[in-house]
Amino acid sequence: MNKGELKEQFGKIFGAAHTPRLFCAPARVNLIGEHTDYNGGHVFPCALSFNTYVTAAKRSDGKLRLYSLNFPQIGVVEADVNTLAFDKKQDWANYPLGVVWAMRQRGLDVKGGADMLFWGDVPLGAGLSSSASIELATAVALNALFDLHVAQTELAKIGQEAENKFVGMNCGIMDQFASAMGKKNHAILLDCNTLKYEYAPLDLKGVSILICNTNKPHNLIESKYNERRAQSEHALKQLQAKLPIKALGELSEKAFEENKELITDPVERKRAKHAVYENQRTLKAEQALKEGRLEEFGKLMNASHVSLRDDYEVTGKELDAMAEAAWKQPGVLGARMTGGGFGGCVVALVKTQDVDAFKQNVAKEYRAKTGYTPDFYIAAADDGARELKD
Ligand code: GLA
């Protein structure tokens, strides 16, 4: 859908009284560093060229009217900026409503309300952060409409707060940060302990980043995501009896091995092991990318998947079948699940010349094992949330 069509739809739904502005915010794929963000470790995502678009105009009567062309069956969701509350019936609209709520909590003046029409080409429920892209599209739009001058990194935190405190999903900062701060042809190495970040050029020389969608829907609100987070936090608490650390991400592999017996529950010990080793793998992977050692990067991706499967236990049958099928293919440097897990996508580094054969072979094997037909997308790293001007 192009800009003209989106504005036309806006007129149809909300009337043509005011001229809306157009904004977008991208989805993301995480190359490595999974379930490390809320453990104070590093992540290495890039924003994608899949986006949520929003045409929006401010109001002055404190009303919010939200409509999504992706969920026409839900209709227009109306709310009052002073009485915002999560309600399952509001469905997808809980994300933008949560953002307005989080802005109000911070004392940001959005009390006039707004009309907002959304449309996105992000595959939904695929673990590519469709929800973060809705949150950031909302945040960047309100920031501009109400002249708030809030920095992009703060908009990311507002998105995370909406998700944590309004929607009830205890996610870390990765998805919102990637959506806010994405940069064309770059990945972002983010230290989630300090929010220091650097951009790494994705100079892949004949290698493609291929996203393989299992098409097994994932829903992190109903998955074991919050439980994993609680287990990691409990393991950290036990380590803190002896170690002066604030997060698992501060530990080297060696320090973990020397102190792991402090964690009494073997399951929690495995969870912490993943968080520590995955963080170290992420740092090694960024170094490997910088030095053009893509084979090494791929091996670290494979090790990441194995750790997420065996120690963190967030993969499941479909993601494992997809990764295993990918590992066997000629021209594959590495493959791993990406995002929260329990369904969603695998990300693979594949020599560009082998991509077609890869898709055919993997689709066949994956379908035979699971009954699902997969989708494939070549990832193009793109810019973060922004206004699309004429
Ligand atoms: C989801 C969360 C992120 C992150 C990943 C796992 O995408 O929203 O904060 O924890 O899972 O790495």
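The values are calculated or read from the model by the stated rules, or taken from the named source; none is laboratory data. These numbers were taken from a predicted model, which means no experiment stands behind them. Cβ atoms come from the backbone with ideal geometry, glycine included; neighbour counts cover every protein chain shown.
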State all residues of region 1-29 that are of a type in the set (S, T, N, Q) and out of contact with any Lys or Arg (no Cβ under 9 Å at 6 or more places or on another chain); if no residue qualifies, say none. Asn2, Gln9
Identify, from the list Asp87, Asp115, Asp61, the residue that is of a type in the set (D, E, K, R) and buried (at least 20 other Cβ atoms within 10 Å of the Cβ). Asp115
Since Val306 meets every condition but one in (1) in contact (Cβ under 8 Å) with a residue 24 or more places away in the chain; (2) within 21 Å of the chain's Cα centre (by Cα), which condition does it not meet? (1)
Matching option when the condition is assigned by TED's automatic domain parsing to the domain that holds Ala348 and assigned to a loop (DSSP other than H, G, I, E, B), among Thr264, Thr282: Thr264
Give the number of residues within region 9-25 that are buried (at least 24 other Cβ atoms within 10 Å of the Cβ) and either free of Cβ contacts under 8 Å to residues at least 24 places away in the same chain or within 14 Å of the ligand (Cβ to nearest atom) (or both). 0
Restricted to region 334-371 and to residues being assigned to a strand (DSSP E or B) and of a type outside the set (Val, Ile, Thr), the residue farthest from the ligand (Cβ to nearest atom) is Lys351
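For every residue, the table says whether it meets (1) within 13 Å of the ligand (Cβ to nearest atom); (2) under 23 Å from Met301 (Cα atoms); (3) not assigned by TED's automatic domain parsing to the domain that holds Val29.
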residue	(1), (2), (3)
Cys171	yes, yes, no
Gln176	yes, yes, no
Thr194	no, no, no
Ser208	no, yes, yes
Leu236	no, no, yes
Ile245	no, no, yes
Asn259	no, no, yes
If Ile74 meets every condition in (1) within 16 Å of the ligand (Cβ to nearest atom); (2) modelled with pLDDT of 95 or more apart from one, which number is that one? (1)
Of the residues in region 26-58, those that are more than 16 Å from the ligand (Cβ to nearest atom) and either among the aliphatic types (A, V, I, L, M) or in contact with a His (Cβ under 6 Å, 6 or more places away or on another chain) (or both) come to Val54, Ala56, Ala57
Among the residues of region 99-109 satisfying the criterion of being crowded, with 16+ Cβ neighbours inside 10 Å and out of contact with any strand residue (DSSP E or B) (no Cβ under 8 Å at 6 or more places or on another chain), which is farthest from Ala85 (Cα to Cα)? Leu108
Being away from the ligand (no atom under 16 Å from the Cβ) and surrounded by fewer than 24 Cβ atoms within 10 Å (Cβ to Cβ): is that true of Asp147 here? yes
